[in-house]
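K.L.:
My questions will all concern the structure given below.
The values are calculated or read from the model by the stated rules, or taken from the named source; none is laboratory data. Quick caveat, the model's predicted, so the values are computed rather than measured. Cβ sites come from the backbone with ideal geometry, for glycine too, and all protein chains shown count toward neighbours.
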Amino acid sequence: MDARLNFLTLKTSLSALLDLVLPRVCVVCGRPLDLQEQHLCEECLSDLPETRYAALGHNPMADRFNARIQVNEYEPYAYAAALYHYRTESDYRKISQALKYHRDFGAGRWAARLLGERLAASPLYADVDLVVPVPLHWTRRWQRGYNQAEVIAREVAAVLGAACRPRLLRRRRRTRSQAHLQGSAAKAANVADAFVLRAAAPARHILLIDDVFTTGSTLAACHKALRRHYGPQVRISVATLAAVGD
């Protein structure tokens, strides 16, 4: 008898049977998961390269983002946080890729809730009342069938007890994939003035959400579109599942 069938409760019996038919595996290392494990095995979860940025007002990600948005003395310093460090040589990159490229909504929502919990535990994000995902152009959303940033944003908003407004921003032109561009200047030019506000919503603290922070160009372009309407009394922060290069 399979060892996973020992000591089952009614609640876990179905999961155990499903694991025998369609074994769940760790998103990171590919090892079969035990009943109590979700998406990551205990070993990979314990070694998750978390940034701990949610607790820090100033951190490498926030400094890089603020370097892009600090165009005048009235712009408040923006908070920025990511759940984990993204490195191309690390298998932990598969967490964000599972949602973006492989439609693994379970893993994506699990990671987003973990990000939300880190933000909720920080006084820096305690007053977030509006969560806004980076929008896809309608043609790309139609092709993919969903917006990964919206999946993340909905989970984060639920944990924070904030409103989620996926349609607050619109991408008015289809841009090239940032992943295919080299250098921060090219990425910034690619998304310059690509976003516009559809309709304003009341807010004190807006949290912009994307899946991965690389140069911060896309989030900075979204920030600019929001700031055209919202004055400096409204804080605009950013959060992502992963951050590259920190």
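K.L.:
May I ask you to list pairs of residues, at least six apart or on different chains, whose Cβ atoms are under 8 Å apart, with the first in region 133-153 being free of Cβ contacts under 8 Å to residues at least 60 places away in the same chain and over 18 Å from PHE105 (Cβ atoms) and the second being in a loop (DSSP other than H, G, I, E, B) and among the hydroxyl-bearing types (Ser, Thr, Tyr)?
P.N.:
HIS137/THR175
K.L.:
Moving on to the next point. May I ask you to list the residues in region 226-246 that are farther than 15 Å from THR51 by Cα, at pLDDT 95 or above and either touching an Asp or Glu at 6+ places or on another chain (Cβ under 7 Å) or of a type in the set (A, V, I, L, M, F, W, C) (or both)?
P.N.:
Residues satisfying the conditions are LEU226, VAL234, ILE236.
K.L.:
Taking region 136-154 only, how many residues are within 14 Å of the chain's Cα centre (by Cα) and of a type in the set (Val, Ile, Thr)?
P.N.:
Number satisfying all stated conditions: 2.
K.L.:
Can you pull out the helices (runs of 4 or more DSSP H) entirely within region 13-129 that have at least 2 residues that are polar (S, T, N, Q) and either under 14 Å from VAL238 (Cα atoms) or assigned by TED's automatic domain parsing to the domain that holds TYR230 (or both)?
P.N.:
Here the list reads 94-102.
K.L.:
Counting just the residues of region 55-87 that are of a type in the set (A, V, I, L, M) and in contact with an Asp or Glu (Cβ under 9 Å, 6 or more places away or on another chain), which one comes out surrounded by the fewest Cβ atoms within 10 Å (Cβ to Cβ)?
P.N.:
Looking at residues that are of a type in the set (A, V, I, L, M) and in contact with an Asp or Glu (Cβ under 9 Å, 6 or more places away or on another chain), I get ILE69.
K.L.:
A further question on this structure: Consider region 130-176. How many of its residues are modelled with pLDDT under 95 and in a helix (DSSP H, G or I)?
P.N.:
7
For every residue, the table says whether it meets (1) under 14 Å from the mean Cα position of the chain (by Cα); (2) of a type in the set (Val, Ile, Thr).
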site	(1), (2)
ASP91	no, no
LYS94	yes, no
ALA98	yes, no
PHE105	yes, no
ARG109	yes, no
GLU117	yes, no
ASP127	no, no
VAL134	yes, yes
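K.L.:
What pairs can you find where one residue is in region 186-206 and part of a helix (DSSP H, G or I), the other is modelled with pLDDT of 75 or more, and their Cβ atoms are less than 7 Å apart, with a gap of 6+ or different chains?
P.N.:
Note: pairs meeting the criteria are LYS187/THR215; LYS187/SER217; ALA188/SER217; VAL191/SER217; VAL191/THR218; VAL191/ALA221.
K.L.:
Quick check on ALA225: is it crowded, with 18+ Cβ neighbours inside 10 Å, small (Gly, Ala, Ser) and not in a helix (DSSP H, G or I)?
P.N.:
On the way: crowded, with 18+ Cβ neighbours inside 10 Å: yes; small (Gly, Ala, Ser): yes; not in a helix (DSSP H, G or I): no.
Spelling it out, it is not the case that ALA225 is crowded, with 18+ Cβ neighbours inside 10 Å, small (Gly, Ala, Ser) and not in a helix (DSSP H, G or I).
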